[in-house]
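Since the structure comes first, as structure tokens, the remarks are kept for the end.
The values are calculated or read from the model by the stated rules, or taken from the named source; none is laboratory data. The shown structure was predicted, so the numbers you read here are calculated from the model rather than taken from an experiment. Using ideal geometry, Cβ is built from the backbone for each residue, glycine included, and neighbour counts are taken over all protein chains shown. The area values use the complete protein model at the heavy-atom level, side chains included, leaving out ligands, DNA and RNA. Shrake-Rupley method; radii C 1.70, N 1.55, O 1.52, S 1.80 Å.
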Amino acid sequence: MTVLARERDSEGGATSSTGSTLLDTVLRFRALGLLVVLAALVAVTAAVNPRFLSGSSIRDILLAASITLLLATGMTVVVLTRGIDLSVGSVLGLSAFCTAWLLSENPGVSIPVAMLVGLGIGAVCGLFNGSVVHFGRVPPLVATLGTLYVFRGVVYFVAGGSRINASDMPAGFLDFGSARVLGVPYLILISLVVLALVAVFLSRYRAGRDMYALGSSPEAAELAGIPAGRRKLTAYVLCGALAGLGGVLYAARYGTVDASAGYAMELDIVAAVVVGGVAIFGGSGSVLGAALGAFLLTVISNALPVLNIDQFWQRAIVGALIVGAIAVDRLVALRVAESLRKKGSHVG
Amino acid sequence: MSVEAGRQGRDGLHLSRFATWDVAIIVVTVVFLIFAVTSVQHFGTSQNATFLVLELAPILLLALPMTLIIVTGEIDLSVASTVGLTSSAMGVMWNSGVPLETIMPLCVVIGAVLGAVNGFFVTALGLPSLAVTIGTLALYRGLAFVLLGDTAVADFPRSHSSWTIGTIGETPIPNVLVPMIVLAGLFAAVLHAMPVGRAIFASGSNRVAAAFAGIPVAKLKFWLYVTSGAVAGLVGVFWTLRFSSARADNAHGLELTVVAAVLLGGVSIFGGKGTLPGVLAGVVLLSSLQNALRLANVSSEALTVVTGSLLIISVLAPNILGRVRGVLRRRLRRTHVPAPNP
Amino acid sequence: MSIGRSLQRIPVHPAAPAAIGLALALALSACGGTTQDSQDDTDSGSDDSDAVADPDADYESGLSLAMLPKSVNNPYFETSSEAAAEVVDELGGDYEYTGPSDATASSQVSYINTVSQQGTDVILLSANDPNALCSSLEQARAAGTVVVTFDSDVDADCRDAFVSQVDDDAVGETLIEMAAEQIGGSGTVAILSATANATNQNAWIDVIEEQIETNPDYADIELAGVAYGDDEDEKSFQETQGLLQANPDLDAIISPTTVGIAAAARYLSSSDQQGEVALTGLGTPNQMREYVEDGTVTEFALWDPGELGELAVYTGAAIASNIITGAEGETFTAGDLGEYTVGEDGVVTLGPPARFNAENIDDYDF
């Protein structure tokens, strides 16, 4: 029942059932709520310091958000299937270091090739995660907690104590990290294009909708003939590949890459996804919500220094946001279920 | 519902599988210790044994309540952050002149309160413990930094900090081993010899049946989180005194090691299965392996990979073993067997 | 078998496990009152007073030395280690470079224990915490190991000597002096530091603050604030951005950490404020070369981490060979580096920091 309602909902056809319209309203309300919080935060920060809304400041926020956005998009797909990928920070580090190293050794490599290499490295890591989860039947939390260590260990092996500096990389690649079209940075454009593609995939394609079904009820999905293994593998490969692409963007933007790139990033990504309204037990949520969550977190971390708030608060705020968001979601869900039951009894 | 039913259906298989894993891990641990003593230089010295015990003490203490929580099917990823926050709090209180004898029990109470917050969200609101404790992992660590910020409080009395690293008389037995054994015994008794223990197993293996049997599952879980917090508070005190340094980043990342050790010890991440002796073996194996690798001059990169791989293998191996056994059994019987579950 | 039914008759007290917690609390509260003010313990004191130095002795060969950096995978310590390994080779000893991959005190303790178990003659240590390592260092020294800290010190009672890159006053004074020169002696200055716990950076920042308050040359300089980039590239980058937004009229940023200054330079070089906001601090020539060439940075400073590693080896070997004991006033010759004198509290100072600018940066490669 919920599967059907959600599937219909994700098709955008809010025409038939009452459950669908209600869910729609709730999801919109949630996105709206995030937007309001975001707007309020920007307004307050800008009131304290008008430069927060200057062109260069907005550009900085967009640049910073682009990487979080990319990883949150991949994470959303995995979380929708009732999984989680805690290894994204390590995957990003591995891809960032490898592509930076590749570029420093072969300055002739073009940017698209570098991006493909990053995507490939990430996809391989994702495939490993997916295989351990699906074939090994290891719970995603445990599997990716393990690969968080393993992949980071591999980065340490590859990088040793070396650091690749901006001066080692071709200027064209670094320019790409800060260049813009019509004032909009390239990096955020890439992230937005990826976001749009994944959003379309999730809502218009069978494989995408299967992700929701898998997360809503694995048993029902299996009975309905959904190839759970292939879908799960797809989700983890996608998540890994996007983390890999994020690594390339990281290298381009920051110019300095060592073994610690992306360290402890997984927390921020999980936070963005959860705050964006994606249910941690799968089956519900959207990449757009996750994108809003990513923006909110980026704006917070950029606003704190401007507001002169002790930056020690940042982590505490991230934690409080995670707990707060899932608590609010739960309470809203309970309300919805209750009103659904009432409506149902009226109709019936 | 169907998951629960499926799990119950496989109970018999699970039990024997994990019982074997327990014994296996204990045997592996013993074999490894013998191997390390005989072939890793400096491993077998009494001083190294002391170091080893001091090193694994916080992991072992945190693993005790973690085992109980994971057996109920939940998880607590915030334990290391709780250690950090109580350590920070300890530093702040010490700086403001509170006597140590008041601080130490207060820290345990603070830990219990932090655990109660986790327990509230998990049981009263019914939120997934994974998400809640990832959130409080960040929250508690953040608050630890807010409390103590950039400073480290280090002027704790030498008598106290030297007790934590000292040994009993002239023997190489560390002082901390005594409370460790007492607590491990207590938790083992609770889990394996008391009605509460059976309730813990029941709520982990079949929540619905447990509720029907009149077990107050929510209350039970709530108090387990409180216990976990209290023990983390105790570890915060131990950590602070052992390094005579109260810092916000104390025990950073330790939750992963604790979870790894518990799972390595044969506790099922799905709940309902596991034994405390297995967990103790898991803790000892993990710590002594790292100790031995360090003594053999293996780089810290390799240690990172070993910890991660062990975590995965500890779940993967029993799964594969179980499947192999299932295949064998099917071949042996060639009679009707229930279809394997996803 | 039904677990449910067999449990039905059992009275369960869900709070039973929590009783353990209460028992813990009670067990910990004993009578008495030990507070911060009532400390009676005296320092264990230095135990090398009975040793007599022989300034004419030669460096012993066959010594085993282990270098423990704050964390491995750090290019700065890598440079120290390479230079140190060469010196150890010349002295005919064994050399080991080992340590944790995360820069925390507790994981460093494990490595101290390990090398002291291995019977290493000399430990060269850059400490992650001034106090947390003391007990394990004392145990190592009790077993006959010489402990020399470099780069970042521990409590003076827990080690034989400290090889300081420069003294804190000189670093702080150099930093503020460079900043003042670049902004013409007046304006607003902000600091981008490493982690908030970092011993060195905090000592230097103290000196900078003191100089701004007391030195009449800097009367027109105002300190806008301190930001912490945690020695992470990304964080430092964002904090630079935050500093510029929070203080629109900022004239200079001082970043006393190699990671911070590189990230800040990278930010400035691609921002509108390039050349308007001065940037100085401590950085490595290889990392900063690009930004000196494109005009983002005029001048910065650092010591040579390689020389620091070399001096640490000579100091440790000198103590192990009984050439010095670590007492004030003793002298020893550190190969090509020349003669050094042990200062107060067993501190050996490498020398004033070198300043790098467009004219001399190409003479350095580290």
## Note on the structure
A correct Karplus calculation of ³J(HN,Hα) over segment A:255-263, with 6.51 cos²θ - 1.76 cosθ + 1.60, θ = phi - 60°, whole Hz and x for Gly and Pro, returns x, 10, 10, 10, 5, 9, 4, x, 4
### Task
Taking every pair of Cα atoms in segment C:168-302, average 1/r, invert it to obtain the Kirkwood radius, and report Rg/Rh to two decimals.
0.92
### Query
Which is farthest toward the positive dipole end of chain A among A:67, A:157, A:215, measuring Cα position about the Cα centre, with Cβ charges +1 (Lys, Arg) and -1 (Asp, Glu)?
A:215
### Gyration tensor (alpha-carbon) shape descriptor, chain C, a/c threshold 1.5
oblate
### Message
Would you calculate the convex hull of the Cα atoms in segment A:108-259 and tell me its volume per residue in Å³?
### Response
125
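When only C-alpha pairs under 8 Å and at least 6 residues apart count, what is the relative contact order of chain C, in percent?
18
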### Query
Over all residues in B:152-162, what is the mean tally of Cβ atoms on other chains that come within 10 Å of each residue's Cβ?
5
### Query
Taking a probe of 1.4 Å, how large is the accessible area per residue of segment C:269-357, in Å²?
34
### Task
Report, to the nearest whole %, how much of the accessible area of the protein assembly as shown belongs to carbon and sulfur atoms, 1.4 Å probe, protein only.
60
### Task
For the protein assembly as shown, give the magnitude of the charge dipole about the Cα centre (Cβ charges: +1 Lys/Arg, -1 Asp/Glu; no others), in debye to the nearest 20.
10880
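What do you get for Rg/Rh over chain B if you use C-alpha atoms and the Kirkwood form of Rh? Spell out each step's value before the answer.
Working: Rg = 20.9 Å, Rh = 21.1 Å.
Here the Rg-to-Rh quotient is 0.99.
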### Query
What ranking of C:234, C:60 comes out by heavy-atom accessible area, probe 1.4 Å, highest first?
C:60, C:234
### Message
Quick check: the angle from helix A:88-105's long axis to the longest principal axis of chain A, C-alpha only, nearest 10 degrees?
### Response
30
### Message
Can you list the DSSP H helices in chain B whose Cα atoms extend at least 20 Å along the helix axis and whose mean Kyte-Doolittle hydropathy is 1.0 or higher?
### Response
B:11-39, B:46-71, B:100-119, B:129-148, B:177-193, B:217-242, B:276-295
### Query
Using unit Cβ charges (K, R positive; D, E negative) and no other charged atoms, how large, in debye to the nearest 20, is the dipole of segment C:168-302 about its Cα centre?
360
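Taking the Cα centre as origin and putting +1 on Lys and Arg beta-carbons and -1 on Asp and Glu beta-carbons, what dipole magnitude results for chain C, to the nearest 20 debye?
Working: 9 positive and 67 negative charges, 541 e Å.
The dipole magnitude comes to about 2600 debye.
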### Task
Determine how large the accessible area of residue A:219 is when every protein chain is in place; take a 1.4 Å probe and give Å² rounded to the nearest 10.
50
### Summary
Rounded to the nearest 10 Å², the 1.4 Å probe accessible area of residue C:277 is 10
### Query
Which one of B:302, B:68, B:56 has its Cα pushed farthest toward the positive end of the charge dipole of chain B, where Lys and Arg give +1 and Asp and Glu give -1 at the Cβ?
B:68
### Query
Separation of segment B:133-200 and segment A:164-201 by C-alpha centroid, Å?
47
### Summary
Distribution output for the protein assembly as shown: share of Cα-Cα pairs per 10 Å bin in percent, first bin at 0, values 2, 10, 19, 24, 21, 14, 7, 2, 0, 0, 0
### Summary
Among C:59, A:236, A:81, the residue whose Cα sits farthest towards the positive end of the charge dipole of the protein assembly as shown (+1 at Cβ of Lys and Arg, -1 at Cβ of Asp and Glu, taken about the Cα centre) is A:81
### Query
Just how many % of Cα pairs in segment B:106-172 lie over 15 Å apart, if you round to the nearest whole percent?
70
### Query
How large is the helix-only mean residue ellipticity at 222 nm for chain A, computed as the sum of -39500 (n - 2.57) over DSSP H runs with n ≥ 4, divided by its residue count, in deg cm²/dmol to the nearest 500?
-26000 deg cm²/dmol
### Message
Please give the Cα centre distance for segment C:60-131 versus segment A:52-103, rounded to the nearest Å.
### Response
35
### Pairwise Cα inverse-distance average, inverted: Kirkwood Rh of chain A (Å)
20.8
### Summary
Residues of segment B:84-104 that bury at least 10 Å² of accessible area, probe 1.4 Å, when all protein chains are present rather than the chain alone, are B:94, B:95, B:97, B:99, B:101, B:104
